[in-house]
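The values are calculated or read from the model by the stated rules, or taken from the named source; none is laboratory data. What you are looking at is a predicted structure, and each value in this text was computed from that prediction instead of being measured. For neighbour counting, all protein chains shown are included, and Cβ atoms are generated from backbone atoms with ideal geometry for every residue, glycine included.
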Amino acid sequence: MSDVAADMPDVLHGASGEAVRVETHTEPGLWSCRIDPGEFESALLNLMLNARDAMPQGGTVTVSMTNARLGPAEAKALELAPGDYVRVDVADTGAGMSPEILAHAFEPYFTTKDVGKGSGLGLSQVLGFTKQSGGSLVVDSRPGRGTTVSLLFPRDDGSEPAETPRRMATLAEGRESV
């Protein structure tokens, strides 16, 4: 696991609270992808905080990183090009979301939390980061069955990006470029 992902268990455990168990899994041979390490950490923290809040009595959050090959139909549904992606799943055993709430969950300032408990910007920031990184996001949530948020990032083909963000990291190999 890369330097970017290696520190995540400690960061996630710190944000999860005592009642939430955190599990992390990384597929051996995980492909590389270029992402901003600070934005990646922020996205995972936002997802962890939402998962924690969805499990006030405790539960489990599982963060998995795997390789994913998208065919034409699946890629089209996600508004991506067919090809290879690194998939990061954040799954919780919490309350889940109704279809009505899920329809608004990624809108800026939308929140189901009490006043002062959240800004409603976390999920919109996760979506923005994922799209900025050339990827896509999928949510599977059902009331009483928890939520899984899947982030898909394009596999790094080794070529130089057209635009280089101020700092990027490559998952799986721990490389950083400026």
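For segment 64-118, the set of residues classified as part of a helix (DSSP H, G or I) and either surrounded by fewer than 17 Cβ atoms within 10 Å (Cβ to Cβ) or modelled with pLDDT under 95 (or both) consists of Pro72, Ala73, Glu74, Lys76, Ala77, Pro99, Glu100, Ile101, Leu102, listed by residue number.
Within segment 33-79, if we keep just the residues that are among the hydrophobic types (A, V, I, L, M, F, W, C) and free of Cβ contacts under 8 Å to residues at least 40 places away in the same chain, the residue that is farthest from Phe129 (Cα to Cα) turns out to be Ala73.
Considering only segment 1-53, give the helices (runs of 4 or more DSSP H) lying wholly within it that have at least 1 residues that are aromatic (Phe, Trp, Tyr) and at pLDDT 90 or above.
Numbers: elements: 3-6, 8-16, 37-53.
Per the criteria, 37-53.
Pairs meeting the criteria (first residue in segment 83-100 and polar (S, T, N, Q), second residue surrounded by 20 or more Cβ atoms within 10 Å (Cβ to Cβ), beta carbons under 8 Å, at least 6 apart or on different chains) are Thr93/Met55; Thr93/Val61; Thr93/Gly146.
A quick yes/no check of all residues on (1) under 18 Å from Thr62 (Cβ atoms); (2) in a helix (DSSP H, G or I); (3) at pLDDT below 90; (4) small (Gly, Ala, Ser):
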site: Gly134; (1), (2), (3), (4): no, no, no, yes
site: Val139; (1), (2), (3), (4): yes, no, no, no
site: Ser150; (1), (2), (3), (4): yes, no, no, yes
site: Asp156; (1), (2), (3), (4): no, no, no, no
site: Arg166; (1), (2), (3), (4): no, no, yes, no
site: Ala169; (1), (2), (3), (4): no, no, yes, yes
